[in-house]
């Protein structure tokens with residue numbers, strides 16, 4: 001089954017404790033992206049990747065890092081999480097970079113930073 | 001810069017009634033437009049998309065949307081709402097041409113009353 005998976009689905013952590021949210025897709029997609037969703041703000045893009053070893057900042061990259069060492073994986077790293085990073089996070093992927101192709105979303109990761 | 005406005009934060013309709021969710025975009029060129037639905041606790045699912053051609057596009061679950069360039073709008077419609085349509089709906093525009101990223105509106109939450 002074609003899908004985007006994220007782990008963990010739920011995470012409660014404390015300020016300053018490094019964490020990684022994994023994202024994996026099995027569709028051989030070139031393009032991958034991370035969003036955060038906050039009430040009243042919709043989805044905002046954090047980082048995106050056009051292909052392996054090619055990443056770029058989205059609209060709200062501060063406090064986040066990403067890497068794209070393999071085509072299928074695009075982990076989101078919070079080196080020193082803070083309470084304002086409490087949010088619902090979505091990973092997404094699509095074939096090549098063209099918007100003509102459907103963008104598939106993962107199920108989301110709900111992160112709470114105390 | 002591109003932007004998407006969904007003027008209605010929350011809409012309540014009766015089951016069986018018609019529905020129209022509004023979306024206005026700001027984009028200089030021909031936009032790539034999308035509607036996504038997010039059911040409670042779920043990720044985002046693509047309802048429909050518009051790139052070119054016929055301005056009335058059909059999507060899944062009985063939804064349709066009409067692109068009106070003169071009004072910079074891409075409103076989502078459904079002739080008869082079902083209780084299972086209760087969800088949050090997001091309009092999005094493709095940024096930077098066909099190779100770019102999605103810019104999302106802040107969403108409209110739809111409630112359906114029996």
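The values are calculated or read from the model by the stated rules, or taken from the named source; none is laboratory data. Only a predicted model underlies this, so the values are computations on that prediction, with no experimental measurement involved. Glycine gets a Cβ as well: all are built from the backbone with ideal geometry, and neighbour counts include every protein chain shown.
Points to keep in mind about this one:
- For the range A:64-100, a residue qualifies if it is without any contact (Cβ under 8 Å) to a residue 40 or more places away in the chain and in contact with a helix residue (DSSP H, G or I) (Cβ under 6 Å, 6 or more places away or on another chain), and the qualifying residues are A:98, A:99.
- Check on residue B:47, part of a strand (DSSP E or B), within 14 Å of chain A (Cβ to nearest Cβ) and touching a helix residue (DSSP H, G or I) at 6+ places or on another chain (Cβ under 7 Å): yes
- Qualifying residue in the range A:47-62 (condition: buried (at least 20 other Cβ atoms within 10 Å of the Cβ), more than 11 Å from chain B (Cβ to nearest Cβ) and under 25 Å from residue B:41 (Cα atoms)): no
- Residue count for the range B:92-108, restricted to those that are at the interface with another protein chain (Cβ under 9 Å from one of its Cβ atoms) and in a strand (DSSP E or B): 5
- Number of the exception - residue B:80 against (1) more than 26 Å from residue A:36 (Cα to Cα); (2) free of Cβ contacts under 8 Å to residues at least 60 places away in the same chain: (2)
- Positions within the range B:20-38 being within 14 Å of the chain's Cα centre (by Cα) and surrounded by fewer than 19 Cβ atoms within 10 Å (Cβ to Cβ), in sequence order: B:20, B:22, B:24
- Unique match (being surrounded by fewer than 20 Cβ atoms within 10 Å (Cβ to Cβ), more than 14 Å from chain A (Cβ to nearest Cβ) and part of a loop (DSSP other than H, G, I, E, B)) among B:80, B:84, B:111: B:80
- Residue in the range B:17-33 that is within 11 Å of another protein chain (Cβ to nearest Cβ), in a strand (DSSP E or B) and at pLDDT below 95 present: yes
- If you check B:1, B:65 for being over 20 Å from residue A:88 (Cα atoms) and either exposed (fewer than 13 other Cβ atoms within 10 Å of the Cβ) or within 14 Å of another protein chain (Cβ to nearest Cβ) (or both), only one passes: B:1.
- Scoring residue B:57 on the criteria (1) within 11 Å of chain A (Cβ to nearest Cβ); (2) in contact with a strand residue (DSSP E or B) (Cβ under 7 Å, 6 or more places away or on another chain); (3) without any contact (Cβ under 8 Å) to a residue 40 or more places away in the chain leaves a single failure, condition (1).
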